[in-house]
Amino acid sequence: MTAPNALEVTNLVVNYGIVPAVQNISFSVRKGAITTIVGSNGSGKTTTMKALTGLLAAQSGKVSMYGQDITDLPTDALVKRGLVLVPEGRRLFKAMTVAENLEMGAFQRRDASAIAHDLEKVLTYFPALRAKMRTRASNLSGGQQQMVAVARALMAAPKVLLLDEPTIGLAPAVVDTIAEIIQTIGRNGVDVLLVEQNAEIALEISEDAYIFERGELVMRGTARDLMNSPEVQRAYLGI
Ligand code: ATP
């Protein structure tokens, strides 16, 4: 028997009132792989992430995680199971220090020694944050804030990490750093679903890819195949 997927999303439908945002979309996130959803503004990526993490109610559809039905579970229960979101726009606690933000990431955990161990591990991913632990999040650069957002999510000890546009608005060098860190997180045993407008970086670091347009799934395949598709190159890679 093959191992169940990290996530299996079946026929997801999400509307805002009468406005359809996600229309009957199915996709999976394989264990041990980075999966990406690429799409332009308004294609339904954020709506999908919010529905998966219990921040928005779906009209219909089924979600399972490692073979267990998690449809309709509330956000805190999902975090406890290891499904953790790095939200679009980072949503840091701006008036708090970096250390306090990271502490907030672990707020549902009671395993003090494991939390301390994870903090050390997270700081090896983001050595630049070590010197900033007492700095307020509002005083960090955009790239550093994104690092804190990812680090905070890691402090929740995710099994599946969802990242919503982690590279948006960042300078190219910082985009590369974030991309490398996402790959390292994936190699270290966390299953990753990455949502991106930046198709180039997303396809480069992912194994599997899906393309959303206006709330619909229009293409799926290996990231490599999509990168080589003339249609994708024209529409998303500017080639
Ligand atoms: P972005 O890159 O801008 O975040 P996206 O791919 O994440 O885009 P969504 O934010 O999921 O797209 O939006 C999908 C559709 O739902 C769009 O048509 C959008 O206008 C609409 N939409 C999003 N949020 C709301 C809301 N709160 N109320 C009504 N319509 C919304």
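The values are calculated or read from the model by the stated rules, or taken from the named source; none is laboratory data. Everything numeric here is computed off the predicted structure, so don't read it as measured data. Cβ sites come from the backbone with ideal geometry, for glycine too, and all protein chains shown count toward neighbours.
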Notebook entry, point to check: Filtering region 143-174 down to residues that are of a type in the set (A, V, I, L, M, F, W, C) and within 16 Å of the ligand (Cβ to nearest atom), which residue is surrounded by the most Cβ atoms within 10 Å (Cβ to Cβ)?
Noted result: Leu163
Next item on the list: Scan region 26-50 and report the pairs whose first residue is farther than 17 Å from Val86 by Cα and whose second residue is away from the ligand (no atom under 16 Å from the Cβ) and part of a loop (DSSP other than H, G, I, E, B), with Cβ atoms within less than 6 Å and a gap of 6+ or a chain change.
Entry: Ser28/Asn5; Arg30/Asn5; Lys31/Ala3; Lys31/Ala6; Ala33/Glu207
Next item on the list: Check off (1) within 16 Å of the chain's Cα centre (by Cα); (2) part of a loop (DSSP other than H, G, I, E, B); (3) at pLDDT 95 or above for Thr71 and give me the number that stays unchecked.
Entry: (1)
Next item on the list: Kindly indicate whether Ala199 is within 16 Å of the ligand (Cβ to nearest atom) and of a type in the set (Gly, Ala, Ser).
Entry: yes
Next item on the list: Determine if region 36-45 includes at least one residue that is under 29 Å from Glu204 (Cα atoms), within 13 Å of the ligand (Cβ to nearest atom), in a helix (DSSP H, G or I) and touching a strand residue (DSSP E or B) at 6+ places or on another chain (Cβ under 9 Å).
Entry: yes
Check: Can you tell me which residue in region 13-23 is farthest from Tyr210 (Cα to Cα), limited to those that are part of a strand (DSSP E or B) and not aromatic (Phe, Trp, Tyr)?
Finding: Val19
Check: What is the number of the single condition among (1) more than 21 Å from Asn5 (Cα to Cα); (2) under 19 Å from the mean Cα position of the chain (by Cα); (3) surrounded by 15 or more Cβ atoms within 10 Å (Cβ to Cβ) that Ser229 does not meet?
Finding: (2)
Checklist line | The listed residue being at positive phi and within 12 Å of the ligand (Cβ to nearest atom), out of Gly17, Gly54, Gly32 | finding: Gly17
Notebook entry, point to check: Does region 61-68 include one or more residues that are away from the ligand (no atom under 13 Å from the Cβ), of a type outside the set (D, E, K, R), more than 18 Å from the chain's Cα centre (by Cα) and on the phi < 0 side of the Ramachandran plot?
Noted result: yes
Notebook entry, point to check: Out of Ser113, Ser26, which single residue is among the polar types (S, T, N, Q), closer than 14 Å to Tyr210 by Cβ and loosely packed, with under 15 Cβ neighbours inside 10 Å?
Noted result: Ser26
Checklist line | Leu102 vs. criteria of a type in the set (A, V, I, L, M, F, W, C), free of Cβ contacts under 8 Å to residues at least 40 places away in the same chain and surrounded by 14 or more Cβ atoms within 10 Å (Cβ to Cβ) | finding: no
Notebook entry, point to check: Within region 130-142, can you find the residues that are surrounded by 15 or more Cβ atoms within 10 Å (Cβ to Cβ) and either assigned to a loop (DSSP other than H, G, I, E, B) or at pLDDT 90 or above (or both)?
Noted result: Lys132, Thr135, Arg136, Leu140
Checklist line | Arg224, sole failed condition from (1) at pLDDT below 95; (2) in a helix (DSSP H, G or I) | finding: (1)
Checklist line | Candidates Arg234, Arg214, filtered to the one that is among the charged types (D, E, K, R), touching a residue at least 40 places away in the same chain (Cβ under 8 Å) and more than 29 Å from Pro4 (Cβ to Cβ) | finding: Arg214
Checklist line | Check on Glu213, within 15 Å of the ligand (Cβ to nearest atom) and not aromatic (Phe, Trp, Tyr) | finding: yes
Next item on the list: Mind counting the residues in region 175-196 that are under 23 Å from Val9 (Cβ atoms) and either assigned to a loop (DSSP other than H, G, I, E, B) or within 16 Å of the ligand (Cβ to nearest atom) (or both)?
Entry: 6
